[in-house]
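Worksheet for the structure shown next.
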Amino acid sequence: MKRLFSYIAIVALPIVMMAQGWPANYGGVMLQGFYWDSYDYTKWANLESRADELGDLFDLIWVPNSGRVGGNSSAQEMGYCPMYWLNHNTVFGNETALRSMIETYRAHGTGIMMDLVLNHKNGTDWVRFPTEKVTGKVSGRRFEIEWDNVNFSQICRDDECNANGHPTTGAADTGEGFDGARDLDHTNITTQQNIRTYMDYLQNELGYVGYRLDETKGYSPSFTGKYNNWNHPLFSVGEYWDGNSDVLRGWLDGTLWAGQKQSAVFDFCLKYRINDAFINNNWDALNDKGLAADVSYNRWAVTFIDNHDTGREGNHSRMSNDNNVAAANAFILAMPGTPCIFSQHYENNKTAITNCIKGRRAAGITNQSPILVQEPSNGGYIIEVQGTAGKVYLQLGGATGNGTPSGYQLVQAGTNYRFFITSGLNWKNSKKIGGGVPPSVLPTEVPTGNKITIFVKADDQSSTHLYAWDKNDNYIDAQWPGVPVRTLPFTIVAGAKWYYKSFDQNPVNVIFNNGTGGEGNQTADIKNLTSSAFFTYSGTDYTKYENVTSAVTPYIGYEVPDVATPIAGHYYCYLETNAYTTPYIYTWDNTGKQHTGAWPGTAMTQVGTAPTGNKLWRWEATSETQTPDYVVFNNGSTTAGKQTDDMDFVSGGYYTLYGLLGTVPEVVEVAGDVDGSGEVDGNDLNMLINIILGSLSATDATVKGNPNIDGEGGIDGNDLNNLINIILGK
């Protein structure tokens, strides 16, 4: 239902998806940094003291829920029935120690993931939860979480408390019941906004990069999709405890939001095959390798041997053959999927696991690496996996007697396993390259001052490198091919994620490349930059990098509400903007019915000034107006680029608009895009022919691009030939 289109994608870009479930082609390895009752082992100060060891080896570390569980911070609880969401003082340490630990690991390029419990919550009694109001130390923002402690509408009506004299008014549970605490009603709008605030605090105040989601059988996977799409954690993995791979696929598909799976899942199917193979030496059990061997799902498979639950003595799911623990870990470190190493396994098999991680890293094995060979051999099993830099070859059981395969070197051997990688790879000195977690994961301000800062929009797994040199042709900081952009800090500009690097030299010259260089693998020289610049590109085509500096500043973006307090029969929407003109709001439903009249909709009312000094505006629907399904903010004109993208609305709240609504942005033209649609196609050709024939003026309002394609003289046959060549790809 979009009414206008901007010249290039960057101008009308929707909110950037930070997560999309789990990074594609991710080569990181995860550590579970705790086990049951690991109160001393997992103290934040103890973990921080080991950052040189663990931070240089692991890309992600999963820690217990850091919220306070009860009446005091010294209660020896593992965090699975939390009472507080914004109070992070526990038996593991206070919030200051937590922040310090997270920051220390960030300096090592290691992200900290928290065990996030959203299914259920403890209260001060059966049904009452504490109100929490905290001012952020990083952002200075106010975080508030409030609960209905009168009608108890945020607790599921089929929670066991109802049979114990504590009636609630929430909706029915959307998943399995849990009798350890109150099951939250995830259909409740206020509950959803509380969770949004909670995750916002965890990520943007404490610095967590993502979550292990506890007890996800307890609520519909669609809510995981919704929450992650709102908050964009870099990493998310659900605990859906089920050994049926089809059930796990169904949960993953259920998290689909905005066209993307929003979380990974622990591969319990593979865990049970591992138990059978490595406890009983039944190597044929490995013929079923769960999601990790499914090319359509291995990106979202987090593989493991044991965790805090299964690893407890006496648990029927425990990997009880200690002689084969190292072999089992070698197996998941050879496989696609993202391996999660259990802390007790690491401590008891440190050398073996460390060497296999280094071998995996040297060979470039990722969560989507293809399995080349997987078959029984000599009473055991062999697996060969292709990485980005080489291969891993694993022998298990009787196959360890097969000898060294041709073209491979031995990395690690032990009971029932031999782990090889391609000969010539320097695995002993293999280093992390950021692990997909940049040194800074919090939004930062754009650098200012006299420096020249180069920004590039790229995803977390981009292979793009930034190479820079000065006016004397001397490289700056790094020899060719330069630095991988995903190891740089990033900032959020206009709702998008931009990696950046600052230079003292003026001017500065840069080349973007994929780490190798040569024709098709790098841009042309981008020379004599004398001010900061933003660059974007299309896919992996390094010939299509564009300097979009002028399009970034006036970008009209938006943020979805942090707080929503809808009133029955009314709809509220606020926005902050430094526009000199009145912003308009245009809304419609999925039948096309317009709630604010024809485009551009209804002028909003100024109701005050925001703390930032920007104006604060509001649109208030009447009681007869249906809550809109779709919304576009605009400046009341028909000028391209002066509107937001279409937004799905579910409730009222605060929205932030970026950019000057009252001024027309300078845009980057796409060569040959005569009609300004953002694409070069037959419509542009027809328009140019009509201009040449004189039946259409070059100044006509429908001509939004530059028909003088060759930039010389008038508009003639040379322009036509150039346009035809552009369309034909020449």
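Overview of results
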| quantity | calculated |
| --- | --- |
| Cα gyration tensor shape of the range 17-56, rounded if a/c is under 1.5, else prolate or oblate by comparing a/b with b/c | prolate |
| Amide proton proximity set for A264, modelled H, under 5 Å, gap of 5+ | S236, V237, G238 |
| Sorted by Cβ density within 10 Å, fewest first, the residues V265, V373 | V373, V265 |
| Gain upon complete extension [S296, N149; 0.36 nm per residue less C-alpha separation] | 48.4 nm |
| Inter-site label distance for N718 and T388 at 7 Å from Cα along Cβ, in nm | 4.4 nm |
| Loop GluC sites (Glu not before Pro), the range 140-214 (other Cβ atoms within 10 Å of the site Cβ: 14 or fewer; DSSP) | E176 |
| Relative contact order (percent, whole number), the range 317-390, Cα cutoff 8 Å, 6+ residue spacing | 30 percent |
| Residues T388, T400, sorted so that the one with the fewest Cβ neighbours within 10 Å comes first | T388, T400 |
| Given charges at Cβ of Lys, Arg, Asp, Glu: the range 72-198 dipole, positive-most of G175, T96, W126 | T96 |
| Simple label model, 7 Å out from Cα along Cβ direction - S222 to K133, nm | 3.5 nm |
| Three-way shape label, the range 219-349, alpha-carbon gyration tensor, a/c 1.5 | prolate |
| Approximate spin-label separation N244-T415, in nm, with each point projected 7 Å along Cα-to-Cβ | 3.5 nm |
| Theoretical gain in end-to-end length, D322 to K593 [0.36 nm per residue, Cα-Cα removed] | 91.0 nm |
| Trypsin sites (Lys or Arg not before Pro) restricted to DSSP loop in the range 105-195 with at most 12 other C-beta within 10 Å | K137 |
| Cut-off 15 Å (backbone N to label point 7 Å along Cα→Cβ of S74), residues of the range 29-55 | 40 |
| Ascending count of other beta-carbon atoms within 10 Å, so fewest first, for R318, R486 | R318, R486 |
| Relative contact order (%) - criterion: Cα under 8 Å, at least six apart; region: the range 177-327 | 17 percent |
| Additional length obtainable on full extension of the chain from T169 to D309, 0.36 nm per residue less Cα span | 47.1 nm |
| Net charge, Q395 excluded, C-beta distance under 12 Å - Lys, Arg +1, Asp, Glu -1 | -1 |
| Cα gyration tensor, the range 85-182 - rounded (a/c under 1.5), prolate or oblate | prolate |
| Whole-Hz ³J(HN,Hα) from phi, Karplus 6.51 cos²θ - 1.76 cosθ + 1.60, for the range 189-201, glycine and proline x | 4, 5, 4, 4, 5, 4, 5, 4, 4, 4, 5, 4, 5 |
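No value in this document is a laboratory result; all are computed from the given coordinates. Predicted, not measured: the structure shown is a model, and the values here were computed from it. FYI the Cβ positions are ideal-geometry reconstructions off the backbone, even for glycines, and counts take in every protein chain you see.
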